[in-house]
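The values are calculated or read from the model by the stated rules, or taken from the named source; none is laboratory data. Computed from a prediction, not measured in an experiment: that's the story for all the values here. FYI the Cβ positions are ideal-geometry reconstructions off the backbone, even for glycines, and counts take in every protein chain you see. Please note that ligands, DNA and RNA were not included when accessible areas were found on the heavy atoms of the full protein model with its side chains. Shrake-Rupley method; radii C 1.70, N 1.55, O 1.52, S 1.80 Å.
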Amino acid sequence: TESRVYDMGKKILYSCDTGIDDALAIAYLLAQKECEVVGITVSYGMGHVGNVYRNTKAVLKLFDREDIPVAMGSDTPLSGIPNDYSGGSRFHGCEGLGGILGPSSPEDYAGAKPEEATDFILQMIRTYGKELYWVTSGPLTDIARVLDKDRETAEKAGAVYIMGGAIASPGNTGPYTEALVEANVRLDIPATAQVLDSKLPVVLVGLDVTRKTLLSFEDHERWHQIGTRSALFLYEALKHYLGAYEKFHPYLGGCGLHDPLAAVAAVHPEILTTIPMHMMCFTQGPQAGKTTENVLRCNDRDYEMKAAVFVDVDAFSKEFFGRVEELLREH
């Protein structure tokens with residue numbers, strides 16, 4: 001693979017659980033010419049960590065970017081209790097990409113070891129410091145493990161854009177009239193609580209804004225018309241994702257671009273309106289998993305974190321679809 005030379009100082013570290021919208025976020029980041037993706041870490045989430053690792057490598061291969069290092073993260077939540085993936089994901093299919101790759105085999109992740117991402121992440125922060133923009137779009141288990149190992153180093157990252165939670169919006173782990181909890185948070189509630197109780201420079205990109213960024217059925221068909229190998233790969237994966245949204249969230253008129261918004265915001269922070277906020281996550285009781293303001297610190301004016309409350313959808317769509325479709329036409 002040819003070497004890439006980048007002029008801009010911003011470095012991107014992406015931590016994900018590669019399902020369908022994670023794959024779209026990877027495509028967007030690979031389309032950037034102004035910043036460098038220095039690594040990707042993967043954990044359990046939308047599927048078993050082995051499937052997630054294989055999915056990530058497959059997406060990188062699709063765009064001829066196998067030069068980007070991939071490190072395996074957690075295979076279970078902090079509790080150590082493994083998730084049951086026997087039924088697959090209703091939104092992401094049996095293996096995270098709409099079923100188009102099938103289950104992974106041990107050969108697909110030979111040499112990768114769970115939790116090796118912790119040291120990799122810390123090394124990236126030590127190497128790049130404030131130039132490093134860490135984007136996360138899965139459970140927060142790996143961030144919590146990094147904090148446990150070296151909190152002082154972790155807090156030196158330039159910014160941590162977290163796709164997760166919701167401040168004013170309902171959750172998405174049940175009917176919208178009832179759900180309090182966002183899906184990534186639900187995967188490891190104690191880890192979320194630990195991260196929001198830290199001094200990490202977090203920008204929470206939650207359902208308050210990600211529900212407003214959509215891939216429509218018209219966008220889907222346009223990718224079919226592009227017709228390249230990469231466009232048809234994502235087109236096939238998106239069939240499952242769009243079908244699930246049409247069944248469970250038909251009022252949206254498309255599928256949420258949750259993870260891509262966090263990626264776009266890391267590159268172009270100006271598309272979000274954020275407010276400084278001390279945040280927390282309930283860990284017990286009927287509101288367990290709900291992310292909200294920490295009222296115990298409401299008079300503390302020393303803010304480390306921000307919550308996104310509004311997104312410029314037109315600017316997002318122009319940037320995301322413009323960049324990704326240019327990449328799709330090339331591959």
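Listed values, structure above:
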| quantity | calculated |
| --- | --- |
| Among (1) closer than 30 Å to Lys10 by Cα; (2) at pLDDT below 95; (3) not polar (S, T, N, Q) - the single one Gly206 does not satisfy | (2) |
| Selection status of Gly102, more than 18 Å from Leu187 (Cβ to Cβ), open to solvent by 10 Å² or more (accessible area, probe 1.4 Å), in a loop (DSSP other than H, G, I, E, B) and among the small types (Gly, Ala, Ser) | yes |
| Residue match in segment 107-122 (condition: at pLDDT 90 or above, polar (S, T, N, Q) and open to solvent by 10 Å² or more (accessible area, probe 1.4 Å)) | yes |
| Matching residues in segment 8-44 - criterion: being of a type in the set (Gly, Ala, Ser) and either part of a helix (DSSP H, G or I) or free of Cβ contacts under 8 Å to residues at least 40 places away in the same chain (or both) | Ala23, Ala25, Ala27 |
| Top-ranked residue of segment 291-301 - restricted to ones that are within 18 Å of Ala168 (Cβ to Cβ) and not in a helix (DSSP H, G or I), ranked as least open to solvent (accessible area, probe 1.4 Å) | Thr291 |
| Matching residues, segment 302-322, being open to solvent by 30 Å² or more (accessible area, probe 1.4 Å), assigned to a helix (DSSP H, G or I) and not acidic (Asp, Glu) | Val313, Ala315, Ser317, Lys318, Gly322 |
| Sole residue being over 12 Å from the mean Cα position of the chain (by Cα) and modelled with pLDDT of 95 or more, chosen from Ser79, Ser15, Ser3 | Ser79 |
| Any chance Ser137 is farther than 14 Å from Asp188 by Cα, among the polar types (S, T, N, Q) and in contact (Cβ under 8 Å) with a residue 40 or more places away in the chain | no |
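Residue by residue, here is whether (1) open to solvent by less than 40 Å² (accessible area, probe 1.4 Å); (2) part of a loop (DSSP other than H, G, I, E, B); (3) in contact with a helix residue (DSSP H, G or I) (Cβ under 7 Å, 6 or more places away or on another chain) holds:
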| site | (1), (2), (3) |
| --- | --- |
| Ala191 | yes, no, yes |
| Asp208 | yes, no, no |
| Arg222 | no, no, no |
| Glu236 | no, no, no |
| Lys239 | no, no, no |
| Tyr251 | no, no, no |
| Leu261 | yes, no, yes |
| Ala266 | yes, no, no |
